[in-house]
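Just below is one structure, and these are the notes that go with it.
The numbers here are math on the coordinates, done by the rules we state, and not lab data. These figures come from a predicted structure and were not determined experimentally. Glycine also receives a Cβ, built like all others from the backbone with ideal geometry; neighbour counts cover every protein chain displayed.
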Amino acid sequence: MYSLKCIECDAEYSKDAIIYTCSKCDGLLDVIYNYSSIEIDMDKLKTECPSVWKYAKLLPVKRVPVTLKEGGTPLYKCDRLAEKIGITKLYVKHEGMNPTGSFKDRGMTVGVTKALELGMKKFACASTGNTSAALAIYGAKAGVPVIVLLPAGKVALGKIAQALMHGAKVLSIRGNFDDAFALVRILCYQENIYLLNSINPYRLEGQKTIGFEIADQLGFRVPDRVVLPIGNAGNITAIYKGFKEFKILGITNSLPKMIGIQAEGSCPIVKAIKSGAPEITPEGNPETIATAIRIGNPVNSKKAIRAIRESGGTAESVTDEEILTAQKDLARLEGIGVEPASAASVAGLRKLVKMGMINIDETVVCITTGHLLKDISSVSEICEEPTVVDANIESIREAILRKVE
Ligand SMILES: *Cc1c(COP(=O)(O)O)cnc(C)c1O
Ligand SMILES: [Zn+2]
């Protein structure tokens with residue numbers, strides 16, 4: 001049994017309501033469960049491979065899922081990167097290994113399944129790219145039309161390609177993400193289209209499985225810290241909820257400190273956390289190379305600020321240059337190819353270690369949210385161009401020796 005509850009005024013709504021925010025106070029909604037009625041089969045939990053639907057008993061749907069086998073992403077132990085950063089126990093949870101190459105698939109498999117349960121016949125979202133790619137594949141799988149609104153000129157080509165190829169109707173808005181989001185809310189309301197941005201609490205239910213999987217993959221132990229990039233700040237909220245639920249159910253016995261990283265040119269949550277303000281002040285012109293987190297008015301900021309503070313965590317900003325360095329280090333020290341936003345987690349961790357905010361022997365999990373091939377525009381800033389040589393062995397030998405010098 002579950003229902004929806006406003007995080008501000010505690011108003012409750014039925015699980016059958018088509019509603020995204022509280023109709024009394026416009027507060028964000030959370031899915032709440034009666035945990036005492038949920039029975040977890042521990043033998044199954046300990047033997048089955050991680051995936052979103054492994055944890056179906058903790059997900060708010062009954063219907064057969066619309067799934068493309070999301071989740072179950074690798075948790076890599078990263079000793080070379082750890083050494084460079086100056087800690088000893090570093091893991092990277094590579095969410096780029098999901099079906100469309102980002103964690104958004106976890107939220108969408110649950111959100112779209114719920115949408116069908118609610119009888120909705122059209123789906124839409126505003127997106128910096130990855131949300132649109134994820135919605136497009138589940139719309140395709142379910143046979144339901146998808147409309148996506150993207151900020152014109154600010155979405156990585158790989159992501160647009162995915163939305164187009166999977167058959168979404170793609171609209172490029174002359175405005176930024178925040179403008180596109182305001183418009184898609186109106187569109188969904190007026191046209192009876194189901195809204196699948198992370199303001200939709202069911203999407204976050206899918207994403208909380210990242211928290212479940214981290215604990216699962218560490219042998220049902222909880223890391224000291226989880227570090228991730230934040231944009232609309234749904235994911236940090238969702239992951240923390242996952243850890244909380246495992247603790248409530250007695251599967252684990254502690255919680256991680258949640259660390260959110262934003263880009264310097266787009267960091268309203270960092271400013272709120274550092275100043276102790278109760279709410280964010282939206283930023284009108286967010287700017288960063290990490291387009292997936294180029295968001296000035298994060299939709300889930302109230303939930304995220306609570307999660308960060310309650311967990312004893314923090315938020316930090318990093319420069320685009322620090323992001324690019326971290327992207328290169330992940331690629332070259334660990335073989336993990338990520339898009340720039342994802343590298344913000346590692347850049348932020350490095351900064352916090354340098355500042356003396358993290359002990360050398362803490363267990364830290366960084367989340368890399370999206371795959372390198374999503375956005376290859378930063379490659380030319382980091383890497384040399386391929387060396388062109390004549391088609392003979394002498395030229396090749398000469399070119400190799402030149403490189404090795
Ligand atoms: C969506 C996204 C983020 C930000 O996640 P939020 O839940 O909006 O905070 C970070 N990185 C990538 C690659 C994303 O696609
Ligand atoms: Zn309310």
Using amide H atoms built 1.01 Å from N in the peptide plane, name the residues 5+ places from Val66, or on other chains, whose amide H lies under 5 Å from its own.
Thr113
Summed side-chain charge close to Cys9 - residues other than Cys9 whose Cβ falls under 14 Å, Lys, Arg +1, Asp, Glu -1:
-2
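Taking neighbour Cβ counts within 10 Å as the exposure measure, how do Val299, Val353, Val112 sort from fewest upward? Kindly include the intermediate steps, with their values, before the conclusion.
Working: Val299 24, Val353 19, Val112 30.
Ranking Val299, Val353, Val112 by Cβ neighbours within 10 Å, fewest first, gives Val353, Val299, Val112.
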Rounding to the nearest 10 and keeping the result within 0 to 90°, find how far the Cα-based axis of helix 320-334 lies from the longest principal axis of the chain.
80 degrees
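Per the helix-only calculation at 222 nm, which mean residue ellipticity applies to the chain, given -39500 (n - 2.57) for every DSSP H run of n ≥ 4 and division by its residues, nearest 500 deg cm²/dmol? Before the final figure, lay out each step's value.
Details: 15 runs with 160 residues, N = 405.
Per the formula, -12000 deg cm²/dmol.
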Please give the Cα centre distance for region 257-305 versus region 323-376, rounded to the nearest Å.
18 Å
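Please report the net charge: other residues with Cβ closer than 10 Å to the Cβ of Thr314, K and R +1, D and E -1.
Values: positive: Arg225, Lys257, Lys274, Arg309; negative: Glu316.
Taking every other residue near Thr314 into account, the sum is +3.
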Relative to the longest principal axis of the C-alpha atoms of the chain, give the angle of the C-alpha long axis of helix 234-248, reported between 0 and 90° and rounded to the nearest 10°.
70 degrees
When Met355, Met165 are arranged by how many other beta-carbons sit within 10 Å of their Cβ, fewest first, they go Met355, Met165
Tally Lys/Arg at +1 and Asp/Glu at -1 over every other residue whose Cβ is under 9 Å from the Cβ of Ile210; what's the total?
+1
Order of 71-83, 223-235, 28-40 by packing, highest average Cβ count within 10 Å first?
223-235, 71-83, 28-40
Principal-axis tilt of helix 393-404 within the chain, Cα atoms, nearest 10 degrees
70 degrees
Within region 136-269, the percent of DSSP beta bridges that are antiparallel, given to the nearest 5, stands at 10 percent
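Based on the mean of other Cβ atoms within 10 Å per residue, sort peptides 316-326, 212-222 so the most packed one is first.
Details: 316-326: 20.8, 212-222: 18.8.
My ranking of the peptides, most packed first, is 316-326, 212-222.
Taking 8 Å as the Cα distance limit and 6 or more residues as the minimum spacing, I'd like the relative contact order of the chain as a percentage.
Reported relative contact order: 17 percent.
Taking the DSSP beta bridges in the chain as the whole, what percent of them are antiparallel, to the nearest 5?
On the way: 14 of 44 bridges.
Of all bridge pairs located within the chain, approximately 30 percent are antiparallel.
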